[in-house]
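As structure tokens, the structure follows; a few thoughts come after it.
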Amino acid sequence: MGDIHIAEERCKGCGLCIDACPRGLISFAEDLNEKGYTYVEFTGDLEQCTGCTLCATACPDQGIEVWNKRGKQTFENTTGLTERMSHYCPGCTHGIIHRITAECLQELGLLDRTVGVAPVGCSVLAYEYFNVDMFEAAHGRAPAVATGAKRARPECIVFTYQGDGDLCSIGGNEILHAANRGEKITVIFVNNAIYGMTGGQMAPTTLPGQRTSTSPDGRDIEATGHPINMAELLATLSTPAYIARGSSHDPQHVLKTKKMIKKAFEHQASGTCFSFVEVLSTCPTNWGLAPQESGDWVRDHMIPQYPLGVIKQPESVS
Amino acid sequence: MSKATDVLMAGFGGQGMLLAGKLLAHAAMNDGREVSWLPSYGPEMRGGTANVIVCVSPEPIGSPLITTHAALVVMNLPSLEKFEGRVRPGGVIVVNSSLVERDPARDDCVVVTVNARRVAKEAGSDRAQNLVMLGAYVGASDVIPPASIEKAIENEFSGKKARFVPGSIAAFRAGVEIGRAAAATV
Amino acid sequence: MTKVLMKGNEALGEAAVRAGCRHFFGYPITPQTEIPEYLVKRLPQVGGVFVQAESEVASINMVMGAAGMGIRCMTSSSSPGISLMAEGVSYIAACELPCVIINMMRAGPGLGGILPAQSDYFQATRGHGHGDYQVIVLAPSSVQEAVDLMTLAFELAETYRNPVMVCADGMIGQMMEPVEFAGEPDALPPNEMGGDDWALGVREGRKRRIVNSLYLSPDELNEHNLKLKAKYDDIAAKETRHELYGPEGDAEGGGGYDLLLVAFGTMARICKTAIDDVRAEGLRAALFRPITLNPFPFADLRRAMDAIEGDGAVFDVEMSMGQMVYDVKLAAEGTRRIEFHGTAGGVVPSPDEVAQKIREILGAAPA
């Protein structure tokens, strides 16, 4: 039998772990935790838990740790994140993307020389969560700040963490030129097709027909253009780069995306090229969907628009 | 020779007035004087007129921008027409007669007319018309010993450009003679 | 030390290198383009970094990145480009990062023109971006002073961890004058700013650091502003600089003055020539030249105003429609009549024009 430990006080009750568990061993508790969320608890038969870690992989809030049958810890919270509870809404996958980014830095032994650049938008407070030196940049300017930082101290690992409004709209110029100069930085681009922090406005990545507070009848591509596929757009540049797109909507995709992020940091650490990983994510609050429905919406609507995979590699490794 | 003076040098872009002014400024600086070199830098630089004001003084230069001048060196007619009224009485006007067909309308100044093109050619350096003009100004005004300018020319044309030095100095010297002769006849 | 004849823009570039700056981020704009053109050649000679940014918005944010890593760095631009930097300067000031910005002012508003002007005085001295912050502003009036103030700019930036702007006009950038550089070209200071207790970078076990300007708690943000205010007050108390031209010790002038001109930068030089001209006619005028536009030397100017004989006036001259004149009025606190003359658009008042205005104010006959 395996064992899992659920930190009740960290749980926001999104239920993603419930759906992740292949054996249905996790369910909602009757009570509320001290933050007022219906937390989850392990209610199945411990004998049936294999310690597969999918529940922990799906948890956006570092709320679950796992041990396998031999008593070995198979999922441990990363030291690349602080212990602070995130401000993200229940079920938002920002927390997952934070975690896998931090895990990659930890596993590559880079935490001590990493400098992150937080954006403006939902992840504006990312500097509170990543357990590394952090800048908080102006809206859209993270790639410029990262350029200055990396050029000043090439020995550091410099990454930006940006949402779609920040990177794709107001910061379109900064990301384009950082990529084109081949800055040896890593960009984690979180695309949830909407402005979250300001309350659900249309983003450049909003899907055709998608309703937002500034496209109340659905995005009209005649008036507002088509969604911007940022990864493909950047891949058209001649400058060598590693460009990939993953998704955070279920544990399997989270694990694949983590490999992409790891590859991206490896390219930076070896000084190979600019690296960019777009990660599709959810916005249950502004989409008006439950967390699991949000994951389905990514699968059914976003992935057809934003195909997953490695889009470009530096020539030396392709 | 040691009192404060200034010159406005003007012509089409490419006629070398900015460089002539720079040589004067450089030479005067090396002689221990205060100098300023203030170019026009408006859109007229692109193919239009280019001019520069050089101030030379034993004292720190106050305003590098002045509207009346002790001397005027012009390579072309538009520059003469624009600036001849700004020369102070008793000043020096050097006109390039290879491009300017009329004489200045000033009878209260020392006027030096130089066929810069012909003199430069005779000195063996077709391109050094600007240095003929500079020489004529130096000869007529006695602003600085000609040897100081010659040193500045050697400094300016170094390395690959060193081959321009003899022709440039010859052109400059020819200009000095013309300037001196013109000043002596006044 | 030997004198070299250099264009203002190039001299500023060299002065930055001599001050230990090895990182430049900028975007081309007339009339300051010789600064990047100089540095793109010079910085590689000293192991430095030159990045031509995609915009002024980006270049100031690159400066923020490099400054946050504790590396001495700068950008330069001219008026319209400086407007684009307003956002970044606000962030840098809020994060208390040291950097130097050159504004080689040109005529506005809008695209304006490329000729010299002083019409960014408000923008420079009133912070120019959003929020309660200040930038130290230094205004050279010659190429040599521009060089000297570059050194000072980096010193002040690092002492106070604050952006410093060297605010000159296109004429200073474009003209050549003899300059002497302090220090040796091959013995440059390190480009580390001594950010041991604040800069980001390789941690080596220390606690992590954050360069941030977001304070969601009003009380904390209020505290942050109070801290910044205390710093600005300290700067104002210690760092004002000015020059008084004409009066005491000037044998020909005889010491006293009936009219006090106030002008900065290029305009101040023009006023000096005008003052020399009218003093030769027996008119007694002097010049007060602020070298720090922010902090503005209010107390020194007031003392110079109090020394005007009788009920003589103050005459403010600017290459603008009247911006510094507001500070001059603040200094006067209503005690003196303030006259103003200004031009814009790249039209530079001549010494004769200023001299004539002086005669008019003093009731003297035209020359």
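The values are calculated or read from the model by the stated rules, or taken from the named source; none is laboratory data. Since the model is a prediction, treat every value here as computed from it, not as a measurement. Quick reminder, even Gly has a Cβ in these numbers, built from the backbone with ideal geometry, and neighbours come from all protein chains shown. SASA here: full protein model, heavy atoms, side chains in, ligands and nucleic acids out. Shrake-Rupley method; radii C 1.70, N 1.55, O 1.52, S 1.80 Å.
Please go through segment A:251-272 and give me each residue that is surrounded by 17 or more Cβ atoms within 10 Å (Cβ to Cβ) and assigned to a loop (DSSP other than H, G, I, E, B), ordered by number.
Within segment A:251-272, A:272 is the sole residue that qualifies.
For the structure I just gave you, tell me whether residue C:200 is over 28 Å from residue C:153 (Cα atoms) and open to solvent by less than 60 Å² (accessible area, probe 1.4 Å). Even if it seems obvious, please write down each step before you answer.
Numbers: over 28 Å from residue C:153 (Cα atoms): no; open to solvent by less than 60 Å² (accessible area, probe 1.4 Å): yes.
So residue C:200 fails the test.
Might you check whether a residue that is in contact with a helix residue (DSSP H, G or I) (Cβ under 6 Å, 6 or more places away or on another chain) and among the small types (Gly, Ala, Ser) occurs anywhere in segment C:79-89?
Yes.
Taking segment C:203-231 only, how many residues are touching a residue at least 12 places away in the same chain (Cβ under 8 Å), facing chain A (nearest Cβ under 9 Å) and open to solvent by 70 Å² or more (accessible area, probe 1.4 Å)?
Selection size over segment C:203-231: 0.
Which residues, counting only those in segment A:1-24, are surrounded by 21 or more Cβ atoms within 10 Å (Cβ to Cβ) and farther than 18 Å from residue A:77 by Cβ?
A:21
Specify which of the listed residues (A:71, A:91, A:109) is assigned to a loop (DSSP other than H, G, I, E, B), away from every other protein chain (no Cβ under 12 Å) and open to solvent by less than 10 Å² (accessible area, probe 1.4 Å).
Values: A:71 fails: open to solvent by less than 10 Å² (accessible area, probe 1.4 Å); A:109 fails: open to solvent by less than 10 Å² (accessible area, probe 1.4 Å).
Criteria check complete, one pass: A:91.
Name the pairs: first residue in segment C:175-202 and assigned to a loop (DSSP other than H, G, I, E, B), second residue open to solvent by 60 Å² or more (accessible area, probe 1.4 Å), Cβ to Cβ under 6 Å, at least 6 apart or on different chains?
Sorted first by the residue in segment C:175-202, then by its partner, the pairs are C:180/C:1; C:180/C:3; C:202/A:113.
Tell me the strands (runs of 3 or more DSSP E) entirely within segment A:149-250 that contain at least 2 residues that are over 26 Å from residue C:200 (Cβ atoms).
A:241-247
Which one of C:154, C:122 is modelled with pLDDT of 95 or more, open to solvent by 40 Å² or more (accessible area, probe 1.4 Å) and closer than 25 Å to residue C:268 by Cα? Write out each step before concluding.
Numbers: C:154 fails: open to solvent by 40 Å² or more (accessible area, probe 1.4 Å).
Exactly one of C:154, C:122 is modelled with pLDDT of 95 or more, open to solvent by 40 Å² or more (accessible area, probe 1.4 Å) and closer than 25 Å to residue C:268 by Cα, namely C:122.
Which of (1) in contact (Cβ under 8 Å) with a residue 60 or more places away in the chain; (2) aliphatic (A, V, I, L, M); (3) closer than 20 Å to residue B:23 by Cβ; (4) touching a Pro at 6+ places or on another chain (Cβ under 9 Å) does residue B:152 not meet, given it meets every other one?
(4)
Determine which member of the set B:19, B:77 is touching an Asp or Glu at 6+ places or on another chain (Cβ under 9 Å), away from every other protein chain (no Cβ under 11 Å), of a type outside the set (Lys, Arg) and over 20 Å from residue B:140 (Cβ atoms).
B:77
Restricting segment C:339-365 to residues that are in a loop (DSSP other than H, G, I, E, B) and open to solvent by 50 Å² or more (accessible area, probe 1.4 Å), which is nearest to the other protein chains (Cβ to nearest Cβ)?
To start, the set of residues in segment C:339-365 that are in a loop (DSSP other than H, G, I, E, B) comprises C:343-350, C:363-365.
Of the ones still in play, those that are also open to solvent by 50 Å² or more (accessible area, probe 1.4 Å) are C:347, C:363, C:365.
Working: C:347: 11, C:363: 24, C:365: 19 Å.
Among those residues, the one meeting the criterion is C:347.
Residues are listed down the side, and each one gets a yes or a no for (1) modelled with pLDDT of 95 or more; (2) over 28 Å from residue A:195 (Cβ atoms); (3) in contact with a Leu (Cβ under 6 Å, 6 or more places away or on another chain); (4) not acidic (Asp, Glu):
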position	(1), (2), (3), (4)
A:247	yes, no, yes, yes
A:251	yes, no, yes, yes
A:258	yes, no, no, yes
A:263	yes, yes, no, yes
A:267	yes, yes, no, yes
A:271	yes, yes, no, yes
A:274	yes, no, no, yes
A:278	yes, no, no, no
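So which of C:59, C:119 is more than 11 Å from chain A (Cβ to nearest Cβ) and not aliphatic (A, V, I, L, M)? Walk me through it before giving the result.
Working: C:59 fails: more than 11 Å from chain A (Cβ to nearest Cβ).
When all the criteria are applied, what remains is C:119.
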